[in-house]
Amino acid sequence: MPAFGRKLAVLAIAVLASVAARAETLTIAVASNFAEPLREIARHFDASTGHDVRVSPGSSGKLYAQIINGAPYDLFLSADARRPEMLEQESRIVVGSRTTYAIGQLVVWSRDVKFDDDTCLDGLENLGSKKLAIANPLLAPYGIAAKEYLLKRGLWEGLQDNLVLGENVAQTLQYAASGGASIAIVAKSQIRSAKGFSEVCVSPIAGGDHDPVLQQLVQLENAANDEVAAKFVAYLRGPESRAIIAEYGYLLPELE
């Protein structure tokens with residue numbers, strides 16, 4: 001092959017390799033409460049690195065079940081620490097990859113005019129026959145935290161007939177926004193997505209009223225794109241991503 005032809009071949013291979021690297025897609029399973037901030041972070045990551053990110057939201061419990069049944073995710077961003085710990089114990093993650101990326105906060109939210117003269121917290125004690133939506137404690141960490149709060153307030157047993165259980169906190173907010181429930185306990189991060197509704201009250205729940213919602217991530221052992229996954233985790237821990245996480249209403253973990 002003439003020298004000029006060889007140079008063209010080498011250049012073509014380099015271009016193809018560059019396109020292939022850019023075309024790598026990272027697939028991330030994420031707890032529904034963190035889907036929106038993750039999408040925003042992913043857009044910045046794509047613009048910075050050229051790597052596309054596919055976001056697959058759901059309840060942490062269902063995503064965990066998908067992972068142990070072989071779902072091809074590269075990263076798992078859970079809404080709790082328990083399921084990442086379980087995956088670590090089962091040797092399904094890259095050693096040393098488990099880390100806390102955000103700390104969730106709870107709020108009580110309603111657009112029911114019944115609570116116009118009350119805080120949402122007071123409204124929980126005067127529901128009557130009205131419905132309260134929380135995420136299912138069997139599936140969603142924010143549901144566990146909501147149950148812990150209601151137990152501490154001595155309200156859990158008395159509200160059993162009032163409860164409407166969402167599969168995750170996103171569905172829980174939808175119940176209250178659509179009128180399927182009068183009031184809901186949701187993640188503070190969701191308030192941004194509820195701005196299109198005329199809320200009547202929103203009240204924060206003190207962190208001391210439930211166990212900390214430590215949201216942890218893991219890089220999965222069978223990840224198809226190890227290098228890109230590691231780059232994304234580093235980007236998620238960087239200042240630009242942390243600013244976005246805080247803006248959505250999460251507390252930030254200390255960097256190790």
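The values are calculated or read from the model by the stated rules, or taken from the named source; none is laboratory data. A quick note: this is a predicted structure, and the numbers were derived from the prediction, not measured. All Cβ positions, glycine included, derive from the backbone under ideal geometry; neighbour counts span all protein chains shown.
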Could you grab the pairs with beta carbons closer than 7 Å, sequence gap of 6+ or different chains, first residue in the range 224-241 and touching a residue at least 24 places away in the same chain (Cβ under 8 Å), second one in a helix (DSSP H, G or I) and surrounded by fewer than 17 Cβ atoms within 10 Å (Cβ to Cβ)?
E240/H44
Only one of R92, R153, R98 is in the same structural domain as I68 (by TED's automatic domain parsing), in contact with an Asp or Glu (Cβ under 8 Å, 6 or more places away or on another chain), farther than 24 Å from A246 by Cβ and among the charged types (D, E, K, R), namely R92
Spot the failing condition for V218; the list is (1) touching a Phe, Trp or Tyr at 6+ places or on another chain (Cβ under 7 Å); (2) within 20 Å of A246 (Cα to Cα), and only one is missed.
(2)
Considering the range 104-152 alone, what residues qualify as being outside any helix (DSSP H, G or I) and either among the polar types (S, T, N, Q) or surrounded by fewer than 14 Cβ atoms within 10 Å (Cβ to Cβ) (or both)?
Q105, S110, D116, D117, T119, E125, N126, G128, S129, N136, L138
Given the condition outside the structural domain of A135 (by TED's automatic domain parsing) and part of a strand (DSSP E or B), answer yes or no: does some residue in the range 31-39 qualify?
yes
Condition first: out of contact with any helix residue (DSSP H, G or I) (no Cβ under 7 Å at 6 or more places or on another chain), surrounded by fewer than 17 Cβ atoms within 10 Å (Cβ to Cβ), assigned to a strand (DSSP E or B) and at pLDDT 95 or above. Can you find one or more residues in the range 54-66 that meet it?
yes
Any residue that is buried (at least 19 other Cβ atoms within 10 Å of the Cβ), on the phi < 0 side of the Ramachandran plot and in a helix (DSSP H, G or I) - is there at least one of those in the range 203-221?
no
